[in-house]
Amino acid sequence: MKKKIIAMLLFTLLIYGCSGGQPKGTQSEQCKKRGVTNCWGSDDYGFSLIYPDGWQVEESGGAKVTFTSPQEAGFSSKCSILREEQPVPVYETFSEFLNNMGASSIELYKNNSITIVSFENRTLNGMPGHEFVITYNRGGQDYKVQQVSLIGNEHLYTITCSTRPTDYDRYKPVFESVITSFKFG
């Protein structure tokens with residue numbers, strides 16, 4: 001189980017952003033209920049959120065969607081949502097699963113030259129979860145990332161928003177807006 005969590009977190013951090021296709025979820029019933037045009041939702045995956053005006057929507061693999069800002073000086077900030085395909089094991093309570101995931105994430109980050117800026121429990125729309133703020137370097141580019149993981153509909157969802165460290169304070173309210181707009185069903 002820990003290997004699966006570690007693989008999912010590495011995938012989310014190091015590979016997210018590669019995608020293509022049309023935003024299949026934009027016409028979901030959830031978005032129709034919310035009544036806004038910049039809503040992405042998936043009835044199949046049971047969630048919706050509101051993304052910033054002017055950002056591009058890309059889907060890959062169905063369980064993952066990425067929102068990309070317009071480029072500034074050749075760089076785009078991003079938020080992505082990843083839904084783990086396998087349900088949370090029934091033998092673990094949600095809090096046990098989240099605690100194990102948090103401990104695994106801390107160990108993973110320490111072992112991969114990822115700096116943990118902060119780690120805390122977080123409640124998102126009444127659901128318990130964890131939030132990491134981390135920094136890392138990939139391919140000579142520094143990143144600062146806000147990542148929230150929570151369980152809903154018996155699946156793990158990870159919301160990851162990243163930008164350059166120098167832009168983080170400016171994008172933090174944008175990231176927070178995307179994260180807090182995330183709703184199940």
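A short reminder: the numbers here are calculations on the coordinates, not readings from a lab. Everything numeric in this text was worked out from a predicted model, so none of it was measured. Methodologically, a virtual Cβ is constructed for each residue, glycine included, from the backbone with ideal geometry; neighbour enumeration extends over all protein chains shown.
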Above-threshold pairs, the threshold being 20 Å between Cα atoms, out of Lys144/Lys183; Lys78/Lys172; Lys32/Lys78: Lys144/Lys183; Lys32/Lys78
Karplus 3J(HN,Hα) series, Hz, for the range 156-161 with 6.51 cos²θ - 1.76 cosθ + 1.60 (x for Gly, Pro): 8, 10, 10, 9, 10, 10
In a shell of Cβ-Cβ distance under 9 Å around Phe47, excluding Phe47 itself, what net charge do Lys and Arg (+1) and Asp and Glu (-1) give? +2
Long-range HN-HN contacts of Phe47 with modeled amide H, under 5 Å: Ser42, Gly185
Amide H to amide H, which residues 5 or more places from Leu124 or on other chains are under 5 Å from it, using H placed in the peptide plane? Gly129
Count charges around His130 for me, please; just the other residues with Cβ under 11 Å from its Cβ, Lys/Arg as +1, Asp/Glu as -1. -1
